[in-house]
Amino acid sequence: MKNNNLPIGVFDSGVGGLTVLSKLNAALPQENFIYFGDTAHVPYGNKSKETIEKYCLNIVRFLNAQKAKLIIIACNTASAIALKTIQENTDIPVLNVIDPCIEVAVNNTKTNHIGVIGTKTTISSQAYVEKIHAINKNIVVYSKECPLFVPIIEESLSNHSIANSAAKLYLKKIPKEVDTLILGCTHYPLIKKTIQNSISSKISILDSSIVVADYVKEYMVKNSLLNGGFLKGENSFYISDDVEKFENSIANIMNVFNCKVKKVDL
């Protein structure tokens, strides 16, 4: 028998996954969540496949020990690189942030030109291109690495002029045919306005945090995983480095204060 009162595990390399968690809280208010931010190893986007897989498996073992009923990889790089390895090493259902966004983007594009921005490793993996072409091989995909975005966000510089300069540098050559832009990193919604101001107003931005929350809710309904309790769910936060900085990030990103964050050495 399923124990639907068990928590949902959500993990990311750092604070980016908090954008997903915030939307999950709104979509699934009765669910309990365990969030793990691997802040000791952020960013994942410049790491090797083997290193990313090792970090992810350590986190999954932790979430297994917490008896999570579902694991959400709230990191595009980990979703692109380590999904198969993670699924092979746990009996818990695992959802990623790439597939839901691709489905929506393919359905939304009118020009059959989709843009994807992400970390170096995510873009180099060709995960988005391959998955989009598996659905519709006629869609043209424009991919762009934006390696400075995650460090800028992690250092709380989202509203600094450096974020604006980086966005203009990376996004100035997006082809005019692109009508849908996937934010291929869960950090990027935190500079969504900056990104929008750096591209054509005709381009629709696909925010993974919103799309993934809707997808997870639908998945849980279909698979009878919803918590049937009447009490509001709770969030538990774990990280691998610098508790105080992460507590400040929770306050800034989720507008939730006085959260207790625990440091865990994996």
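The values are calculated or read from the model by the stated rules, or taken from the named source; none is laboratory data. Predicted model only: the values in this text are computed from it and were never measured. Cβ placement follows ideal geometry from the backbone for every residue including glycine, while neighbour counts extend to all protein chains displayed. Protein only, heavy atoms only, side chains kept; ligands, DNA and RNA dropped before computing areas. Shrake-Rupley method; radii C 1.70, N 1.55, O 1.52, S 1.80 Å.
Worth a mention:
- Test: residue in segment 71-80 that is open to solvent by 30 Å² or more (accessible area, probe 1.4 Å) and farther than 15 Å from Gly9 by Cβ: no
- Selection status of Val97, open to solvent by less than 40 Å² (accessible area, probe 1.4 Å), closer than 23 Å to Asn5 by Cα and in contact (Cβ under 8 Å) with a residue 24 or more places away in the chain: no
- Asp38 fulfils the conditions (1) open to solvent by 10 Å² or more (accessible area, probe 1.4 Å); (2) of a type in the set (D, E, K, R); (3) in contact (Cβ under 8 Å) with a residue 12 or more places away in the chain; (4) more than 30 Å from Asn136 (Cβ to Cβ) except for a single criterion, (1).
- Residue that is farthest from Lys67 (Cα to Cα), among those in segment 226-249 that are modelled with pLDDT of 95 or more and among the aliphatic types (A, V, I, L, M): Ile239
- When segment 160-171 is filtered for residues that are polar (S, T, N, Q) and either touching a residue at least 24 places away in the same chain (Cβ under 8 Å) or open to solvent by less than 10 Å² (accessible area, probe 1.4 Å) (or both), only Asn164 remains.
- Only one of the numbered conditions (1) among the hydrophobic types (A, V, I, L, M, F, W, C); (2) in contact with a helix residue (DSSP H, G or I) (Cβ under 6 Å, 6 or more places away or on another chain); (3) farther than 17 Å from Pro147 by Cα is not met by Ile34, and that is (2).
- Qualifying residues in segment 23-47 (those that are in a helix (DSSP H, G or I) and of a type outside the set (D, E, K, R)) - the one nearest to Lys120 (Cα to Cα): Leu24
- Verdict on Glu50 being farther than 21 Å from Lys120 by Cα, without any contact (Cβ under 8 Å) to a residue 12 or more places away in the chain, among the charged types (D, E, K, R) and open to solvent by 40 Å² or more (accessible area, probe 1.4 Å): no
- Complete set of residues in segment 130-152 that are in contact (Cβ under 8 Å) with a residue 60 or more places away in the chain and in contact with a Gly (Cβ under 7 Å, 6 or more places away or on another chain): Pro147, Val150
- Annotation: Pro151 fulfils all but one of (1) open to solvent by 40 Å² or more (accessible area, probe 1.4 Å); (2) over 23 Å from Thr39 (Cβ atoms); the unmet one is (2).
- Residue selected from segment 100-129 under the condition closer than 23 Å to Val150 by Cβ and without any contact (Cβ under 8 Å) to a residue 40 or more places away in the chain, by the criterion least open to solvent (accessible area, probe 1.4 Å): Val129
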